[in-house]
Amino acid sequence: MADVVKTVSPNRDVQAAQIADNDEYLKDKLSLAYASLAPKKKMEKEIGEHKNNIADRINSVQDLKTIAIGGGISFLIVMFLLVKLDWTSVGVSFIVSLIVGGALGLFINNSARDGRNLDSLYKNQFAGKDATVVAEEKAIQKLESQLQTITTDNGYLEAVGFVPKKYRTVNDLGWLFTYIDDGRADSLKESINVYEQEKHNYRMESMQQDILSSSQQAAINAAAARSAAEDASANSAAAMYTSWM
């Protein structure tokens, strides 16, 4: 019996050591993939910021045009009506018209913003023409060129190639590393399965919370309705009692 223990125990130790070595090897690979993706994420974020700057520039220019035109027309109409009606002096009419015209101009602009096609405005009026937009375009082109160089580099492809494309993000790799590091998974496949299960659980909990919130709101509304009905009945009874006094 002692011989059996002697033969089995070392095998278990070897297996444990192999698993530990495999975990460390996998963590090293995930760390390298994470480090390789970090510059890519940074560049993509910067590209997004430059695109937002272009959108802000287009909106600011269009805002000024819409406010100026809408407010100007509104000012003239109000001024004409006030003078025509001889409501007050020209000076007061001018001030009132200016305030009303400005307010209407802002209102018109806010309404116009909702239906504004930034892509069409960019292509037809701003691309390669507006100095601010051109500067942002050059910055985007430079970053996209650098991004292309990075993502086609053999070192980058080798570092991230073992990870399925779906999970080649800094956030996903961080979670995959964590599950290996805390012993919840011993392989990349296991780590991905744990990650997907965690995301599924989170979605289910969020749905349950939404359902619970809706149920709570329905219960509150029902209680409020009952309370209002009881108050109405009480008031009606009190009115009837008073009428008989």
> Taking the range 44-62, which residues are crowded, with 17+ Cβ neighbours inside 10 Å and over 14 Å from residue 126 (Cβ atoms)?
Replying inline: 47
>> When you scan the range 97-115, do you find a residue that is part of a helix (DSSP H, G or I), of a type in the set (S, T, N, Q), loosely packed, with under 15 Cβ neighbours inside 10 Å and under 28 Å from the mean Cα position of the chain (by Cα), even just one?
In response: yes
>> Within the range 67-90, does at least one residue satisfy the condition of being of a type in the set (S, T, N, Q), closer than 30 Å to residue 139 by Cα and either surrounded by 12 or more Cβ atoms within 10 Å (Cβ to Cβ) or touching a His at 6+ places or on another chain (Cβ under 8 Å) (or both)?
In response: no
>> Residue under question is residue 194, and the condition is that it be under 14 Å from residue 37 (Cβ atoms), in contact with a Lys or Arg (Cβ under 6 Å, 6 or more places away or on another chain) and either surrounded by 12 or more Cβ atoms within 10 Å (Cβ to Cβ) or in contact (Cβ under 8 Å) with a residue 60 or more places away in the chain (or both); does it hold?
In response: no
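Can you name every residue in the range 71-82 that is of a type outside the set (Val, Ile, Thr) and either modelled with pLDDT of 90 or more or under 13 Å from residue 98 (Cβ atoms) (or both)?
From the range 71-82, those of a type outside the set (Val, Ile, Thr) are 71-72, 74-76, 79-82; that's our starting set.
Within the range 71-82, 71, 72, 74, 75, 76, 79, 82 meet the criteria.
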> Just one of the numbered conditions (1) at pLDDT below 90; (2) of a type outside the set (Lys, Arg); (3) closer than 30 Å to residue 145 by Cα; (4) surrounded by 15 or more Cβ atoms within 10 Å (Cβ to Cβ) is not true of residue 128; which one?
Replying inline: (4)
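Given the condition in contact (Cβ under 8 Å) with a residue 60 or more places away in the chain and in a helix (DSSP H, G or I), answer yes or no: does some residue in the range 157-165 qualify?
Quick first cut of the range 157-165, residues in contact (Cβ under 8 Å) with a residue 60 or more places away in the chain only: 159-160, 162-163.
Next, from what is left, pick out any that are in a helix (DSSP H, G or I): 159-160.
Yes - at least one qualifying residue is present in the range 157-165.
Would you say residue 196 is of a type outside the set (A, V, I, L, M, F, W, C), assigned to a helix (DSSP H, G or I) and at pLDDT 90 or above? Please lay out each step first, then the result.
Numbers: of a type outside the set (A, V, I, L, M, F, W, C): yes; assigned to a helix (DSSP H, G or I): yes; at pLDDT 90 or above: yes.
In short, yes.
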> Is the range 76-95 home to any residue that is among the charged types (D, E, K, R), over 30 Å from residue 191 (Cα atoms) and not in a loop (DSSP other than H, G, I, E, B)?
Replying inline: yes
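Answer yes or no as to whether residue 174 is in a helix (DSSP H, G or I), at pLDDT below 95 and closer than 30 Å to residue 24 by Cβ. Even if it seems obvious, please write down each step before you answer.
Numbers: in a helix (DSSP H, G or I): yes; at pLDDT below 95: yes; closer than 30 Å to residue 24 by Cβ: yes.
In short, yes.
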> Of everything in the range 177-191 that's assigned to a loop (DSSP other than H, G, I, E, B) and not hydrophobic (A, V, I, L, M, F, W, C), which residue is surrounded by the most Cβ atoms within 10 Å (Cβ to Cβ)?
Replying inline: 186
> Out of all the residues in the range 123-156, which are under 16 Å from residue 61 (Cα atoms) and either assigned to a loop (DSSP other than H, G, I, E, B) or among the acidic types (Asp, Glu) (or both)?
Replying inline: 127, 128, 129, 130, 136
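The values are calculated or read from the model by the stated rules, or taken from the named source; none is laboratory data. What you see is a predicted model; the values in this text were computed from it and never measured. FYI the Cβ positions are ideal-geometry reconstructions off the backbone, even for glycines, and counts take in every protein chain you see.
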